[in-house]
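The values are calculated or read from the model by the stated rules, or taken from the named source; none is laboratory data. Keep in mind that this is a model prediction, so the values were computed, not measured. Heads up, the Cβs are rebuilt from the backbone with ideal geometry, glycines too, and the neighbour counts pull from every protein chain shown. All accessible areas refer to the heavy atoms of the entire protein, side chains included, with ligands and DNA or RNA removed. Shrake-Rupley method; radii C 1.70, N 1.55, O 1.52, S 1.80 Å.
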Amino acid sequence: MANAPEMSTDFARWYADTFMDEGATRAMRWKGVVDVAGKTGCEMVEVLVRLAFPSGVPASGTKNEGLGETYRTVVATISGGDSAFDPVRSARELQVLAAAALVQLFSRSSDAAIAVTTASFGGSRKPDLPMNLAGMAEKALVALSGRKHARIEAKALQSTAPKVGFTVSPEAMQSMDPALWKGELERLREAAAAAINTVVTGQNRVISLLHRQITLDEEELQMLWWLIGGCNRPSGRAFADITLPLRPLILGQELGEMTMISPGPASIGAMFLRAGITTDEVTVQAAVNSVDIAWAQEASDSKQVSPVTTPLHFALEKRAELGSTDTWQAGWTGLTGLAADLPMPAVRLAELFYREFLYLYVGE
């Protein structure tokens with residue numbers, strides 16, 4: 001079994017300060033954290049975030065969710081192969097390890113960084129952790145956005161002509177034996193095929209890079225025309241004509257639908273400000289109650305809607321289920337641990353809803 005990479009100084013400090021251990025157990029847990037971070041998938045991210053942000057919603061999932069197997073995999077792996085590890089007795093340790101695994105994922109997983117920021121809900125959820133997990137996720141999103149929106153350099157598109165690795169053997173040069181030359185021609189065919197495969201692989205790489213660049217250019221162009229036009233396309237209303245409580249959700253979703261590569265541009269908050277979503281405070285219930293039932297139902301039709309990672313979409317789901325503006329709040333608060341009358345700057349609410357949309361519908 002391969003050894004884990006050298007332990008990060010951050011993890012070494014977090015674990016030692018929290019559990020007073022600098023020995024074999026810490027090394028074992030580090031291996032578990034690295035192994036978990038090596039796995040992929042939205043279910044893995046969801047389980048890790050639920051462990052890092054303890055709530056009334058089980059990390060193993062409710063009866064309508066299929067997170068049980070993923071949860072068991074996380075617990076078995078993150079302990080570093082410790083058969084005596086009990087997730088109930090070691091709940092605090094499991095929380096810290098899950099947070100550490102998320103930190104490892106931040107450098108390459110927009111889903112992990114987004115899910116942590118949406119779960120934090122503007123700082124309303126503050127888990128007891130040895131690191132500022134939400135702050136680290138915010139920084140990771142900026143870095144990820146910068147890397148994914150970087151322009152392709154010409155050198156990255158250049159290819160070199162492959163060499164055909166073939167020379168006629170000395171035996172064939174001294175003989176006209178048909179059987180011997182048949183073997184030589186077969187070797188030549190294989191060498192030529194390998195060279196052609198190198199060319200095709202290189203061209204496919206270039207095509208992939210160009211397609212990604214075209215996708216980013218189209219994304220940016222659509223967002224630019226959206227801002228210049230100043231009009232919500234589905235309703236045909238100017239941004240200024242949309243009431244403030246409604247604006248964060250309606251425009252947040254519209255901009256999310258234009259985003260093709262997660263986590264979207266780092267300037268998303270500035271875009272919302274330019275679109276007229278101000279810093280004036282709006283409560284969650286005011287925003288959720290401002291949309292009609294049909295819109296709420298359509299916006300929350302993903303099976304991944306979660307009270308932990310997508311609380312705003314979960315509020316829309318509960319509102320659509322109950323068909324009322326005054327009965328969804330109690331159940332939503334009970335599961336999310338958030339107050340329905342929680343005020344938040346409208347622009348921040350829009351950004352959170354936008355990120356939830358990317359997590360649910362765009363993905364890695």
In Hz, Karplus ³J(HN,Hα) per residue of segment 234-243 (6.51, -1.76, 1.60; θ = phi - 60°; x = Gly, Pro): x, 9, x, 9, 5, 3, 5, 8, 8, 4
Which ³J(HN,Hα) values, rounded to whole Hz and listed in residue order, are derived for segment 143-150 from phi using the Karplus coefficients 6.51, -1.76 and 1.60 in 6.51 cos²θ - 1.76 cosθ + 1.60 with θ = phi - 60°, glycine and proline given as x? 5, 4, 4, x, 5, 6, 9, 5
Suppose all protein chains stay in the model; what accessible area per residue would a 1.4 Å probe give for the chain, in Å²? 49
Give me the percent of accessible area attributable to carbon and sulfur for segment 26-120, probe 1.4 angstrom. 50
Of all the accessible heavy-atom surface of segment 238-364, with the other protein chains kept in place and a 1.4 Å probe, what percent is carbon and sulfur? 52
Only loop residues by DSSP count here, and only those with at most 11 other Cβ atoms within 10 Å; note down the trypsin sites (Lys or Arg not before Pro) in segment 111-177 that meet that. 151, 163
Using the Cβ atoms and a cut-off under 11 Å, what net charge is assigned to the surroundings of residue 96, where Lys and Arg are +1 and Asp and Glu are -1? -1
Shape call, segment 67-212: gyration tensor on alpha carbons, a/c limit 1.5: oblate
Starting from the Cα of residue 303, draw a straight line to each of the lysines and keep only those under 29 Å, dropping any in the same chain fewer than 8 residues away. 39, 63, 126, 139, 148, 318
Only helices counted: for the chain, with every DSSP H run of 4 or more residues adding -39500 (n - 2.57) and the sum spread over all residues, [θ] at 222 nm is -18500 deg cm²/dmol
In Å², nearest 10: area of residue 169 left accessible to a 1.4 Å probe: 20
Starting from the amide H of residue 281, placed 1.01 Å from N in the peptide plane, find each other amide H under 5 Å away whose residue is 5 or more places distant or on another chain. 346
Net charge over other residues, Cβ less than 12 angstrom from the Cβ of residue 127 (K, R count +1; D, E count -1): +3
Quote the accessible area belonging to residue 317 in square angstrom, nearest 10, computed with a 1.4 Å probe and with ligands, DNA and RNA left uncounted. 40
List 190, 46, ordered by accessible area with a 1.4 Å probe, largest first: 190, 46
Kindly write out, for segment 95-101 in residue order, the coupling ³J(HN,Hα) from the Karplus curve 6.51 cos²θ - 1.76 cosθ + 1.60 (θ = phi - 60°), rounded to whole Hz, with x marking Gly and Pro. 4, 5, 5, 5, 5, 5, 5
Under a cut-off of 20 Å between alpha-carbon atoms, report the aspartates and glutamates in cross-link reach of residue 182, not counting same-chain residues fewer than 8 places apart. 171, 190
Given charges at Cβ of Lys, Arg, Asp, Glu: the chain dipole, positive-most of 320, 84, 251: 84
In the set (1) 20.6; (2) 23.4; (3) 21.6, which value of Kirkwood radius over Cα pairs in Å was calculated from the structure you see? (2)
In degrees, nearest 10, the alpha-carbon axis of helix 9-19 is tilted away from the dominant principal axis of the alpha carbons of the chain by 50
Just read off the accessible area of residue 136 with the full protein assembly in place, 1.4 Å probe, to the nearest 10 Å². 60
Give the residue from 104, 288, 200 lying farthest towards the positive end of the charge dipole for the chain; charges sit on Cβ (+1 for Lys and Arg, -1 for Asp and Glu) and the dipole is referred to the Cα centre. 200
For the chain, find the longest principal axis of its Cα atoms and tell me its angle to the long axis of helix 24-37, 0 to 90°, nearest 10. 90
Considering amide H positions built from the backbone, and no H for Pro or chain starts, which residues 5 or more places from residue 231, or on another chain, come under 5 Å of its amide H? 239
